[in-house]
Amino acid sequence: MTGFIKKVFCRKGKTASGPSDTNRGTSDQSYKYVVAGAGPAGVTAAETLRQNDPDGSILLLGGEPEAPYSRMAIPYLLVGSIEEEGTHIRHQDGHYENLKIDCRQGRVSQVNPASKTLLLEGGNRIGYDKLCLATGAHPIKPPIPGLDQEGILHCWTLEDARKIIELAHEGADVVLMGAGFIGCIILEALALRKVNLTVIEMGDRMVPRMLDPVAGNMLKSWCANKGVTVHTATKITKVEPHPGDAEDTLLVDLDNGKQIPAHLLVVAAGVKSNLGYLDGAGLEIDQGILVDERLQTSDENIYAIGDVAQAPAFEGEDKVVHAIQTTATDHGRIAALNMSGIAARYNGSLAMNVLDTLGLISVSFGEWNGVEGGDNAVSVDRENNRYIRLEFSGGRLVGAQSVGRTDQVGVLRGLIEGRVPLGDWKEKLKKNPHLVMDAYLACAQR
């Protein structure tokens, strides 16, 4: 722990350059801007702050002993498409130093808005004028007996990835718990490592929060044809040591009575926003930190972005946590503009998911499962693994799903995000939903 603190606070006791509150005798250092979290949201925020405030002091805190990296790049590392450096968000040597962004390792354990200070694990205290919370999320560990054994990992950090690369060798028996969005990304990486892969999903289909039963089961059939065993509507009840087996060290018990031997179990059972450090801070919190269209919290000096923020949605009045990298970077840019005194408004996050699972593209946008009082159009071609479902509200397209098509992704997003009036094209699409490109060219260019 001592080495950790020295690494984080090599200038302990000195005040960083730039405007700051001089009445913070309890802080070890003070900055004009502190960004807590060094993922894509936090890095974007720090860079945008520097672009708009050349002189203000900026601290970017990362919670892991790594250069700032993107979790979405980890599957590419698992299959050998990139080295570890390829996961880094910025690749130029000295990038943060050149921008005069103080980039350090440190986890926040407490926020005190009254004194405008952060307490870090290890006891050091940091002062701020404006604070941006980009502390992300953590993987959920279900309450299943035996999940604390060796050989059971989340695929969430670079350290996780290193251990998975070691264990998931060709021919190894691997079980993946969860076939949601993140789970399916991990699925592809594991399958490409040529392991003997079994997927356990408690929902009635794959990716149940992104695809309807037709699309989700089409994806299941595709995976089965690629050699991946997928159990849906199935739960893991217990994990126990495998008796006397040198390779498969685990037995995974299912609620259907089956036992599956495994050398590695990867848990992808969802994520939750990191909120524990905010106990007593007084910020308004629900599933995430509640923020307005400026990404500002209930405290005027604190902003929240990325997977920890519950922000305005694209449609409706409910605020949502959208764990999507494009949403995170949009948050970072908008929050930083407002922190630096430039008024900017966040127009809401559009639910947007694109998956490539062993060569089959599946997408969903917006209100993909329909809205009350709306209507839809559906086309299914199971033989060729092609599916499209369009959801309408009034004269607009508000949601869509597609499987097996790559040429419609941008068009579907454009029609929904642009709130494009369809006019007579709505009835044409209901008769033939594959005409979305024609509808876009006819309606979006008006």
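Since every read-out is calculated from the coordinates, none of them should be taken as a lab result. No experiment lies behind these values; they were computed from the predicted model shown. Note that we place each Cβ from the backbone using ideal geometry, even for glycine, and neighbour counts take in every protein chain shown.
At R0 = 22 Å, how high is the FRET efficiency between LYS163 and GLU240 if r is their beta carbon distance? Nearest 0.05 is fine. Could you put the intermediate results ahead of the total?
Numbers: r = 20 Å, r/R0 = 0.93.
Using R0 = 22 Å, I get an efficiency of 0.60.
Excluding SER402 itself, calculate the net charge of residues whose Cβ lies under 10 Å from the Cβ of SER402, where each Lys or Arg counts +1 and each Asp or Glu counts -1.
On the way: positive: ARG386, ARG389, ARG405; negative: ASP407.
Result for the local shell: +2.
What FRET efficiency, computed as 1/(1 + (r/R0)^6) with R0 = 41 Å and r the Cβ-Cβ distance, is obtained for ASP438 and ASN98, rounded to the nearest 0.05?
Numbers: r = 48 Å, r/R0 = 1.18.
E(calc), rounded to 0.05, equals 0.25.
How much net charge surrounds VAL321 when only the other residues with a Cβ under 10 Å from the Cβ of VAL321 are counted, with Lys and Arg +1 and Asp and Glu -1?
Details: positive: LYS272, LYS319; negative: ASP286, ASP307.
Computed value for this residue: 0.
What ranking, highest mean first, results for peptides 150-156, 371-377, 327-333 when packing means the other Cβ atoms within 10 Å averaged over each residue?
Details: 150-156: 18.9, 371-377: 14.0, 327-333: 24.6.
Most protected by this proxy first, the peptides run 327-333, 150-156, 371-377.
Highest mean first, what order results for 273-282, 32-41 on Cβ atoms within 10 Å?
Top to bottom by mean Cβ count within 10 Å: 32-41, 273-282.
Measuring from centroid to centroid over Cα atoms, what is the spacing of region 198-235 and region 275-312 in Å?
34 Å
Please sort through the DSSP H helices of the chain and keep those with an alpha-carbon extent of at least 15 Å along the long axis and a Kyte-Doolittle average not below 0.5. It would help to have the intermediate numbers written out before the result.
Numbers: long enough: 40-52 (18 Å, -0.38); 181-192 (17 Å, 2.49); 213-225 (18 Å, 0.11); 325-339 (21 Å, -0.34).
Long hydrophobic helices here: 181-192.
For GLU121 and ALA224, calculate 0.36 nm times their separation in residues minus their Cα-Cα distance, and state this gained length in nm to one decimal. Could the numbers behind the result be given before it?
On the way: separation 103, 0.36 × 103 = 37.08 nm, distance 4.58 nm.
Full extension from GLU121 to ALA224 adds 32.5 nm.
Which of CYS223, CYS184 comes first, and how do the rest follow, when ranked by fewest Cβ neighbours within 10 Å? Walk me through the numbers on the way to the answer.
On the way: CYS223 22, CYS184 26.
Ranked by crowding around the Cβ, least crowded first: CYS223, CYS184.
For the charge dipole of the chain, defined by +1 on Lys and Arg C-beta atoms and -1 on Asp and Glu C-beta atoms about the Cα centroid, which residue among ALA41, THR198, ALA335 has the Cα displaced farthest towards the positive pole?
After comparing all options, I get ALA335.
Which order results if SER30, SER221 are arranged by neighbouring Cβ count within 10 Å, fewest first? Spell out each step's value before the answer.
Numbers: SER30 24, SER221 14.
The fewest-first ordering by Cβ neighbours comes to SER221, SER30.
Looking at the chain only, what percent of DSSP beta bridges run antiparallel? Nearest 5 please. Don't jump to the answer; show the numbers that get you there.
Numbers: 50 of 87 bridges.
So the antiparallel bridges amount to about 55 percent of the total.
Any idea what the dipole of region 359-443 comes to, in debye rounded to 20, about its Cα centre with Lys/Arg Cβ at +1 and Asp/Glu Cβ at -1?
On the way: 11 positive and 11 negative charges, 17 e Å.
Approximately 80 debye in magnitude.
Trypsin sites (Lys or Arg not before Pro), restricted to region 60-157: which are DSSP loop and have at most 15 other Cβ atoms within 10 Å? Intermediate values should be presented prior to the final figure.
Details: sites: ARG71, ARG90, LYS100, ARG104, ARG107, LYS116, ARG125, LYS130; in loops: ARG90, LYS100, ARG107, LYS116.
Passing sites in region 60-157 are ARG90, LYS100.
Let me make sure I get this right: for region 138-202, a, b and c are the square roots of the gyration tensor eigenvalues over alpha carbons, sorted descending. Under 1.5 in a/c it's rounded, otherwise prolate if a/b > b/c, else oblate. Which is it? Mind showing how you got there, number by number?
Working: a/c = 1.39, a/b = 1.23, b/c = 1.13.
Because its axes are fairly even, with a/c under 1.5, region 138-202 counts as rounded.
Of the listed values [x] 24.8; [y] 20.0; [z] 23.6, grab the one calculated as mean projected area of the Cα convex hull in nm² from the structure here.
Of the labelled values, this structure produces [z].
Given Cβ point charges of +1 (Lys, Arg) and -1 (Asp, Glu) and nothing else, what value in debye, to the nearest 20, does the dipole of region 152-269 about its Cα centre take? Walk me through the numbers on the way to the answer.
Details: 11 positive and 15 negative charges, 72 e Å.
In debye, rounded to 20, region 152-269 gives about 340.
Given R₀ = 22 Å, what would the calculated FRET efficiency be for ASP292 paired with LYS272, taking r from the Cβ atoms and rounding to 0.05?
That pair, ASP292 with LYS272, gives E of 0.50.
Which ordering of CYS132, CYS103 is given by a fewest-first count of other beta-carbon atoms within 10 Å?
On the way: CYS132 32, CYS103 21.
Least to most surrounded, the residues fall as CYS103, CYS132.
Holding the Cα-Cα limit at 27 Å, pick out from LYS163/LYS194; LYS226/LYS426; LYS100/LYS141; LYS220/LYS258; LYS226/LYS272; LYS116/LYS141 the pairs that are longer than that. Don't jump to the answer; show the numbers that get you there.
On the way: LYS163/LYS194 16 Å; LYS226/LYS426 37 Å; LYS100/LYS141 38 Å; LYS220/LYS258 19 Å; LYS226/LYS272 31 Å; LYS116/LYS141 33 Å.
Over 27 Å apart, Cα to Cα: LYS226/LYS426; LYS100/LYS141; LYS226/LYS272; LYS116/LYS141.
Counting each DSSP H run of 4 or more residues in the chain as -39500 (n - 2.57), what helix-only mean residue ellipticity at 222 nm follows after dividing by all residues, to the nearest 500 deg cm²/dmol? Write out the running numbers ahead of the final one.
Numbers: 11 runs with 103 residues, N = 446.
It lands at -6500 deg cm²/dmol.
Can you tell me how much longer the chain between ILE140 and HIS91 gets when fully stretched, taken as 0.36 nm per residue apart minus their C-alpha distance, in nm with one decimal?
Working: separation 49, 0.36 × 49 = 17.64 nm, distance 3.06 nm.
Using 0.36 nm per residue and subtracting the Cα-Cα distance, I get 14.6 nm.
Give me, ordered by chain and number, the residues 5 or more places off SER109 or on other chains with an amide H under 5 Å from its own placed amide H.
Under 5 Å from the amide H of SER109: LEU119, LEU120, GLU121.
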